[in-house]
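Here is the structure we will look at.
Bear in mind these aren't lab numbers, they're just calculated from the coordinates by the rules spelled out. All values derive from a computational prediction rather than experimental measurement. We place every Cβ from the backbone using ideal geometry, glycine too, and count neighbours over all the protein chains shown.
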Amino acid sequence: MSNIKELLNKRYGYFILFLFLFWLKTYMAYWIEFSLGVSGIFEHIILFINPVATGVILLSIALFFSSPSLRKWAMFIMLVLMTLLLYSNILYYREFADFLTFNIVSGTNNVTTGLFASIFEMMRIWDFLYWVDIMLFVYLFFYKKEAPLAEDKKEHKRRTKAMVTLVGVLLLVGNLILAEIDRPQLLTRTFDRNYIVKYLGLNFFTGYDVFQSSQNSQMRVSADESDLGKVFNFSAENHAAPNPEYFGAAEGRNVIVIGLESVQQFLIDYELEDEYGETHEVMPFLSSIYDNEDSYSFENFFHQTGQGKSSDAEVLGELSLYGLPQGSVFQSLGSTNTFHSAPNILAQHGGYTSAAFHGNVGSFWNRTDTYQSFGYDFFFDSEFYDVSGDRSMEYGLKDKLFFHDSVEYLEQLPQPFYSKFLTVSHHFPYPLDVENVEFPAAQTEDDTINNYFVTAHYADQALEEFFNYLKSSGLYEDSIIVMYGDHYGISDMRNPELAPLVGEDPEEWNQYHDTQMQRVPFIMHVPGVGNGEVFDTYSGQVDMLPTLMHLLGMETDGYLFMGQDILSEEHDNTVPLRNGRVVTPEYTFFEQEIYDTESGEALQDQFTEEELEELYRYRDEAREELSHSNEILMKDLLRFYNPEPLDGLKEIDYLYRDQLDILEEHPEKETSLIEQNGGESSMELYETDAPELEEYENGASYEGPNPPGRPE
């Protein structure tokens with residue numbers, strides 16, 4: 001031990017010590033926190049050494065300070081910053097099974113706010129291990145006023161300092177060569193950020209991501225009409241003609257879209273066994289609509305969201321484009337890009353009025369700006385609701401209150417209307433106050449999983465109350481109601497704990513199972529149609545808009561959509577996920593691995609090299625959709641193209657805060673439900689058992705800044 005301290009007390013003592021501590025924490029996190037899919041001795045070696053190169057480079061910056069004291073403090077600050085980056089990624093990964101990117105971190109005005117609110121839910125008891133060295137040094141430096149090592153008083157030659165940096169660079173080059181040997185074209189073809197971290201380290205990934213973000217910002221500047229060529233060709237080949245049996249089945253009807261926050265497909269018809277052995281159906285109402293003769297439902301429908309989560313689902317569903325590889329379209333491009341969106345398309349095809357309803361602030365995911373770019377006539381965010389006290393939770397107004405309070409605005413919309421309701425009560429970490437709990441929690445070691453079923457049941461009750469209102473008000477028969485799960489609710493990191501509840505062995509759980517769990521419900525309910533069924537077609541959220549348009553009797557050729565009508569006989573049963581995985585009825589593709597979709601058996605060792613190449617080509621062709629979508633969005637290519645069906649794009653030239661006056665003066669207001677009822681509101685038809693509403697009606701005062709529904 002004394003020999004080690006003697007070595008450290010010599011030149012570069014702090015440098016060696018801080019480098020070792022950073023390597024130790026990072027390597028520990030690789031195994032405890034991240035699911036990097038390491039296999040084989042070669043990958044283990046790469047993982048072992050990859051924190052060293054960037055650690056040497058970053059710490060060597062401090063060596064260029066002439067003062068020994070400044071050198072020590074600069075290295076310590078660098079250690080703190082690297083630890084902070086590591087720990088931030090650990091917290092983010094625990095819930096999202098992904099790494100932080102520049103676009104996510106820079107979006108501090110919306111999604112990050114909600115993330116900070118859940119930060120304690122993501123912490124673990126052992127997290128102090130990542131900070132114990134920092135705390136110890138702070139104690140020694142500031143309180144004990146003593147250094148653990150002797151300071152190197154000798155001035156180092158500039159050439160010697162540069163040599164240390166050069167060693168770091170050479171180590172990085174060697175790391176890149178090893179990565180290229182095991183994973184060719186890692187930085188040009190990898191869709192999964194786990195691979196970059198596994199081969200090159202977290203620090204490298206962060207720097208690479210910042211570089212990529214900068215490069216992407218230059219793409220828009222350099223783009224022109226000639227970039228549309230490949231996209232046109234793909235879109236024309238990808239178009240699926242409508243099925244005559246379903247085309248126009250909902251023509252002229254109102255459209256009511258409901259985003260089912262965090263609802264996964266396994267919840268359909270799912271019964272949870274409580275601690276006494278009794279079973280309880282989690283979402284009985286949604287399941288009844290799913291199996292209804294008036295519903296087109298899809299059992300192999302996948303969410304395709306990336307880091308944009310709920311906002312990505314909106315991009316997929318209303319643009320038929322994918323989210324970005326990093327960050328969110330809403331955050332990065334929502335204020336500036338041109339979009340051929342559902343509100344604009346339906347307004348010109350069928351004279352639809354459009355409105356979005358969301359019980360959270362409009363700045364979350366930059367929705368206010370993005371909805372204006374989408375052409376939404378109206379957006380009712382939290383400013384138009386009473387969100388005071390216990391009426392709200394972490395991400396906005398509770399669902400029962402949200403649907404109830406939205407009726408005031410819904411009944412004023414000129415018909416036909418396109419409306420979208422974004423629910424939030426069934427949102428991670430799935431808290432619910434005791435007054436609203438009417439369902440038993442699951443019995444696992446993970447409270448997030450346990451509460452997931454409780455809030456899902458609450459969301460189901462809220463949905464049923466809204467449906468009952470639609471029926472009693474007369475809107476039901478005149479509408480098509482579209483419901484979709486926006487993204488997963490239980491993350492990959494938690495899935496092994498969930499496994500027994502879905503009939504799987506946690507010891508056998510792997511990435512194949514994670515991928516199959518990305519199924520979410522998709523239901524298109526058309527009252528009175530009578531020919532509904534549950535389809536086994538493989539599809540994803542990018543297919544929602546073409547399917548809806550065909551049901552409304554609107555052609556889709558001419559639009560640059562990545563998706564296809566799911567009901568079309570020409571629909572391609574290949575589903576690319578945003579992380580680059582591809583699912584078909586036969587195969588599930590990862591990077592170089594192939595699984596049997598039905599059985600989960602690993603198949604890559606059963607094929608010849610020629611057969612594998614053919615299958616990989618099939619996989620890569622599916623991924624072309626992602627590349628084309630990236631081109632359209634990052635280069636803002638739709639500004640160069642106006643489809644014949646679209647006669648320009650609607651411009652919203654007023655602030656949403658002033659929209660009630662606009663709604664009151666709307667030239668088509670006589671077609672609204674309230675006007676058709678002679679000015680009588682239908683609010684009294686809404687029946688809910690929300691305890692908060694009962695308290696309010698029994699005399700509780702409103703404590704918000706403005707009267708409900710009326711911003712200043």
Cα extents of segment 619-674 along the three principal axes, largest first, in whole Å? 52, 27, 24
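Neighbouring Cβ atoms within 10 Å as the yardstick, rank Trp126, Trp131 fewest first.
By the 10 Å Cβ count, ascending, the order reads Trp126, Trp131.
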Compare the peptides 421-427, 230-236, 381-387 by average per-residue count of other Cβ atoms within 10 angstrom and give them in order, highest first. 421-427, 381-387, 230-236
Rounded to the nearest Å, what's the spacing between the alpha carbon centres of segment 70-86 and segment 455-501? Just the number, please. 47 Å
P(r) tail for segment 420-459, what percent of Cα pairs lie past 16 Å? 29 percent
Do any of Lys398/Lys669; Lys198/Lys230; Lys400/Lys635; Lys420/Lys669; Lys400/Lys669 go past 31 Å between their Cα atoms, and which? Lys198/Lys230; Lys400/Lys635
Within segment 53-72, find all residues whose amide N lies under 11 Å from a label point positioned 7 Å from the Cα of Leu166 along Cα-to-beta-carbon. none
Only four residue types carry charge here, +1 at the Cβ of Lys and Arg and -1 at the Cβ of Asp and Glu. Report the dipole size of segment 249-569 about the Cα centre in Debye, rounded to the nearest 20. 1380 debye
Send over the semi-axes of segment 322-404's equivalent ellipsoid, whole angstrom and largest first, taken as the square roots of 5 times the C-alpha gyration tensor eigenvalues. 25, 18, 9
Based on the mean of other Cβ atoms within 10 Å per residue, sort peptides 621-628, 654-661 so the most packed one is first. 621-628, 654-661
D (µm²/s, integer) via Stokes-Einstein for segment 249-569, Kirkwood Rh across alpha-carbon pairs, 4 °C, 1.567 mPa s: value 65 µm²/s
Kirkwood-based shape ratio for segment 579-664, expressed as Rg/Rh from alpha carbons: 1.30
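As a test of understanding, state the convex hull volume per residue of segment 608-703 from its alpha carbons, in Å³.
Details: hull volume 33.6 nm³, N = 96.
Dividing the Cα hull volume of segment 608-703 by its residue count gives 350 Å³.
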If every alpha-carbon in segment 487-567 counts as one equal scatterer, what log10 I(q)/I(0) does Debye give at q = 0.10, 0.26 1/Å? -0.39, -1.24
How tilted is helix 309-319 with respect to the longest principal axis of the chain? Cα atoms for both, answer in degrees (0 to 90, nearest 10). 50 degrees
Taking only C-alpha positions in segment 330-485, Rg and Dmax in angstrom work out to 16.9, 52
Taking the highest mean first, how do the peptides 436-443, 641-648, 588-595 order by number of other beta carbon atoms within 10 angstrom per residue? 588-595, 436-443, 641-648
Gyration tensor on Cα atoms of segment 168-297, a ≥ b ≥ c root eigenvalues, a/c under 1.5 rounded, else prolate if a/b beats b/c, else oblate, says oblate
State the label only: which of (i) 116, 67, 49; (ii) 101, 59, 53; (iii) 90, 67, 58 corresponds to Cα extents along the principal axes in Å computed from the shown model? (iii)
As a test of the formula, what do you get for the chain when each DSSP H run with n ≥ 4 contributes -39,500 (n - 2.57) and the sum is divided by the residue count, at 222 nm and rounded to the nearest 500 deg cm²/dmol? -13000 deg cm²/dmol
Net charge, Ser235 excluded, C-beta distance under 12 Å - Lys, Arg +1, Asp, Glu -1: -4
Quick one: Asp127, Asp405, fewest Cβ neighbours within 10 Å first, how do they rank? Asp127, Asp405
Let me check the size of segment 266-393 from its C-alpha atoms; what are the radius of gyration and Dmax in Å? 18.3, 56
Treat the count of other C-beta atoms within 10 Å as a stand-in for reagent exposure and order Ser320, Ser491, Ser67 from fewest to most. Ser67, Ser491, Ser320
Calculate how many DSSP beta bridges within the chain are antiparallel, expressed in % of all such bridges and rounded to the nearest 5. 45 percent
